[in-house]
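Working notes, beginning with the structure itself.
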């Protein structure tokens, strides 16, 4: 049993991380998972649950929180008329298929490999947030047909393998296809629901070895961590939405890009054993 003082410290950490993740989900559309996965990894590892399936626990628990956070975020954005329901409805089936594939793939990969993948993709996202330009375009409208059929499952797959919602990949994608940033952020919140619901259902059936399993688990989802984080994101996600509609998030994006790149580099360092 971990030291009670350590448990209290981890509780405080998760409360702060949950609050931060909620604001990010509403403000930047990058999804709280980009913060939650490394935070969960650190917390569980510190508590002594550093098993070969630790990343699966982190991914599943992060995605479980994203169900609630994304629903809250998309409803808040919808009140402002910012959600593009046509994009959401036409992209959702492919994203959901990719999410289901992602669960199957993630369940059969090692924790170390998933760490490395999170690190590499996190660096890519960080570089885009830091150096991407709003005027970059691939086309003037969102793709349909074969292009959508290919891109939508890839978006779902990569998001599950990182334990994140749809914003980190969905917002840049929609921006590159000439979707206004506020509309892209709002619609990506809906992507998050489409990714998280089928993937969490799959992770609920994943068996974690008892000797490496944190207490109070359902499948790969840790219930205490889920509850603590959700308690904060329910409060702070609407704050992020209000900020997104009241300010230019570009300067904050640059700061977050540096933070994310450092976190991703640290995950990559651990994956290679440095």
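The values are calculated or read from the model by the stated rules, or taken from the named source; none is laboratory data. The structure presented is a predicted model; accordingly, all values stated were derived computationally and were not measured. Cβ: placed from backbone, ideal geometry, glycine included. Neighbour counts: every protein chain shown.
How about region 77-86: which of its residues are surrounded by fewer than 22 Cβ atoms within 10 Å (Cβ to Cβ) and outside any loop (DSSP other than H, G, I, E, B)?
78, 79, 85, 86
Go over the candidates 258, 200, 241 one by one and state the one that is loosely packed, with under 15 Cβ neighbours inside 10 Å, in contact with a helix residue (DSSP H, G or I) (Cβ under 8 Å, 6 or more places away or on another chain), in a helix (DSSP H, G or I) and touching a residue at least 60 places away in the same chain (Cβ under 8 Å).
258
Residue under question is residue 29, and the condition is that it be at pLDDT 80 or above and in a loop (DSSP other than H, G, I, E, B); does it hold?
Taking the combined requirement at face value, the residue does not satisfy it.
Residue 50 is checked against (1) in a helix (DSSP H, G or I); (2) over 19 Å from residue 193 (Cα atoms); (3) touching a residue at least 12 places away in the same chain (Cβ under 8 Å) and fails just one. What number does that condition carry?
(1)
Can you confirm whether region 79-93 contains a residue that is over 17 Å from the mean Cα position of the chain (by Cα) and closer than 26 Å to residue 207 by Cα?
The answer is no, given that none of the residues of region 79-93 is over 17 Å from the mean Cα position of the chain (by Cα) and closer than 26 Å to residue 207 by Cα.
Given the criterion modelled with pLDDT under 95, part of a helix (DSSP H, G or I) and crowded, with 16+ Cβ neighbours inside 10 Å, identify the matching residue among 127, 121. Spell out the reasoning first.
Working: 127 fails: crowded, with 16+ Cβ neighbours inside 10 Å.
Unique residue meeting the criteria: 121.
Could you tell me which residue of region 204-232 is farthest from residue 72 (Cα to Cα), considering only residues that are in contact with a helix residue (DSSP H, G or I) (Cβ under 8 Å, 6 or more places away or on another chain) and assigned to a helix (DSSP H, G or I)?
In this case the residue turns out to be 212.
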